[in-house]
Amino acid sequence: MPAEQMTVQDLSESELLARIFPRLHSSPGVLLGPGDDAALVAALDGRALISIDTQTQDQDFRLQWNNGYRTSGYDVGWKAAAQNLSDINAMGGSATSLVVSLTLPPSTPVDWVEAFADGLTAAITGLGAPDCSVAGGDLGRGRELAVTVAVVGTLAGLAPVLRSGARAGDVVAVAGTLGRAAAGWALLESDVPFEKLDKELAGFVGNQCRPLPPLAAGPLAAKAGATAMMDISDGLLRDGGRLASASGAVLDFDPIALKKYAAVLEPAAALLGAEAMEWVLGGGEDHGLLATFPAGIQLPQGFTAIGSVQAVVEPPGSGVRIAGHAADTVGWDHFAD
């Protein structure tokens with residue numbers, strides 16, 4: 001049977017793994033990779049960062065979107081790597097290894113799984129994590145596609161940057177993009193056929209399906225003295241509220257600084273009758289960084305100032321504001337949306 005016609009039920013687990021393993025990136029940080037009951041990875045400075053994330057079909061992605069776009073295995077592999085690499089980046093670290101659990105319906109095409117492995121490797125190398133590799137994982141059978149990735153990383157001797165360190169007077173800054181992935185989601189769910197989108201609009205879809213976290217920015221922020229930092233996965237306001245709460249402070253965003261992010265999104269907003277600023281404030285999955293820095297220092301490369309940290313005043317307590325006014329904490333909630 002031609003490879004493009006095969007599904008995973010046509011192969012044994014070992015035969016499927018034999019198609020996956022050669023496609024995976026390897027690095028010196030993995031001392032013993034796939035093939036045994038557990039992997040052996042190096043803890044390069046005696047400590048290890050670890051995080052885990054899951055994508056589930058029809059909750060985090062659709063195989064067939066309303067606008068006709070078909071999610072490829074490459075898309076899902078890329079995004080699975082990107083969102084986990086971003087979590088390590090948000091602590092000021094660099095990823096060293098991933099382990100992947102992949103649940104597959106029996107009808108899943110084998111070439112979709114091969115493309116998934118290719119997407120993992122492409123994200124690791126393309127986003128700038130050459131010292132990371134896939135150390136192992138698990139294959140299972142289920143009714144829906146589900147991907148869980150756990151990532152291990154190193155701080156290379158630095159202290160971790162937490163969410164809880166922001167102090168009054170700090171500068172609030174972001175690295176990466178805001179709102180592009182949300183615009184992409186809206187286009188995917190729209191009635192505008194994907195093939196009719198121009199390059200710019202299709203690029204927003206790309207930000208949703210293959211996000212581009214700024215992996216160089218996390219370690220640079222840690223070295224520059226960032227007081228707090230986190231990955232923007234659920235939206236600037238929602239995640240900003242989490243950082244503010246952890247720090248016992250208020251983040252006050254500058255609407256003028258945010259306008260440049262909204263301006264980029266105007267073509268998509270005009271097409272769909274939406275508000276670009278809502279994507280900037282409430283849209284997640286760009287996987288940029290939200291960080292705070294002491295006033296007066298030069299922001300590291302890739303960061304742009306978008307506001308300041310204010311002391312808590314009762315009321316309204318810790319949280320987020322825009323130009324001094326309380327802001328609704330909109331954004332993605334896995335259980336409410």
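The numbers here are math on the coordinates, done by the rules we state, and not lab data. Just so it is clear, the structure is predicted and the values come from calculations on it, not from any experiment. Because the Cβ atoms are built from the backbone with ideal geometry, glycine has one as well, and the counts that use them run over all protein chains shown.
Specify whether the C-alpha gyration tensor of region 1-71 places it in the rounded, prolate or oblate class, a ≥ b ≥ c being the square roots of the eigenvalues: rounded for a/c under 1.5, otherwise prolate if a/b is larger than b/c and oblate if not. The shape class here is oblate. Computed from label points 7 Å out along Cα-Cβ, the spacing between residue 9 and residue 298 is 6.2 nm. Across region 86-234, the relative contact order, built from alpha-carbon pairs under 8 Å that are at least six residues apart, equals 38 percent. Here the chain is treated as an ellipsoid with the same Cα gyration tensor; its semi-axes, largest first and in whole Å, are 35, 26, 15.
The Rg/Rh ratio of region 172-223, with both radii computed over alpha carbons and Rh defined as the Kirkwood radius, is 1.13. A quarter of the convex hull surface defined by the alpha-carbon atoms of region 171-285 gives 7.5 nm² as the mean projection. Across region 100-153, Cα-Cα distances exceeding 16 Å account for 45% of all pairs. Label separation (residue 50 vs residue 195): 4.8 nm, computed from points 7 Å beyond Cα along the C-beta direction. Among the trypsin sites (Lys or Arg not before Pro) within region 136-175, those in coil by DSSP and having at most 12 neighbouring Cβ atoms inside 10 Å are 143. Rounded to whole Å, the principal axis extents of the Cα atoms in region 222-313 read 41, 29, 22, largest first. Summary of the geometry: region 212-236 and region 1-64, compared by the centres of their Cα atoms, lie 26 Å apart.
For the chain, the 222 nm mean residue ellipticity estimated from helices alone, with every DSSP H stretch of n ≥ 4 adding -39500 (n - 2.57) and the total spread over all residues, rounds to -10000 deg cm²/dmol. Cα centroids of region 239-259 and region 264-281: 21 Å apart. Using the alpha-carbon positions of region 45-127, Rg (one decimal) and Dmax (whole number) come out as 14.1, 48 Å. Selection among 32, 61, 49 by position relative to the dipole of region 25-70 gives 61 as farthest towards the positive end (Cβ unit charges, Cα centre).
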